[in-house]
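Each remark here refers to the structure printed beneath this line.
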Amino acid sequence: MAVGGENKKKASEPAPPEAPSMMEQLVPEITTHALSYLDYTSLCRLSMTNSAMRRAANDDGAWKSLYHKDFTVEQGTINPPNGWKAYYAATKAIINLNAEFYNIIREGSLPAMSRFWLNADYVKCIHATGEFCTGYNAVMESWGLLFNWGQDGGQGIAFQIRDVRVRVLDEVAWVNMKANVDVDPVLFHVTNVYELWNGRWYMVHHHSSLMADPAPHNMFG
């Protein structure tokens, strides 16, 4: 009787779950790989379709791939505390802010430039001429002189920028790039630093210097 009861009990036990197939195990990797081909707009649109796609579009690996594709692979070893999606958004915001800086220079607008900088004694500006300015008032005075010196006087200067690299921390961000004026082939190394105050980013440091001539020179002249 006990034996029959034991057999009956064993027969009623559910079968162990089947191990997932290799294809099922590969689905997350396949999904992430497929999402890595989407651009920023497409990935955002995908996240608004349904819950399954929202989970897929918020995958940290997909945003890391998109960051490396759109910006740089230099930061592949970092681990953003709020995830790659938030880091992508922060980086994009700083790039847009940095582009606004050059739009202000192009327009030659001193009022806009005065709002762009943090009004603080410790802000610094080093122009490509080598002029060094420290403190908000001195920095604004230097930009006023630059705009008056610009093309036809009172106008701004059109810069083209490239090789933009951004690093964003909680309350500070810096941007490195190369810049040149219009079609002038002379290139400058530029570093811009921003600080976050009351939810808004302000420039606190600008440094522009002429790039060294890559052509070889005789060290004795």
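Every number in this text was worked out from the coordinates using simple rules, so none of it is lab data. Every value quoted in this text rests on a predicted model; they were computed, and no experiment measured them. FYI the Cβ positions are ideal-geometry reconstructions off the backbone, even for glycines, and counts take in every protein chain you see.
Computed values, structure above
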| item | result |
| --- | --- |
| Cβ crowding within 10 Å averaged over residues, with 115-128, 82-95 ranked highest first | 82-95, 115-128 |
| Simple label model, 7 Å out from Cα along Cβ direction - residue 169 to residue 193, nm | 1.0 |
| Long-range amide H partners of residue 197 with built H, under 5 Å | 202 |
| Where labels lie 7 Å past Cα in the beta-carbon direction, separation of residue 124 and residue 200 in nm | 2.5 |
| Distance violations [Cα-Cα > 26 Å] among 69/124; 64/124; 69/178 | 69/124; 64/124 |
| Inter-label distance, nm, simple model (7 Å from Cα along the C-beta direction), residue 89/residue 131 | 4.0 |
| Residue 108 long-range amide H proximity, modeled H, under 5 Å | 156, 157 |
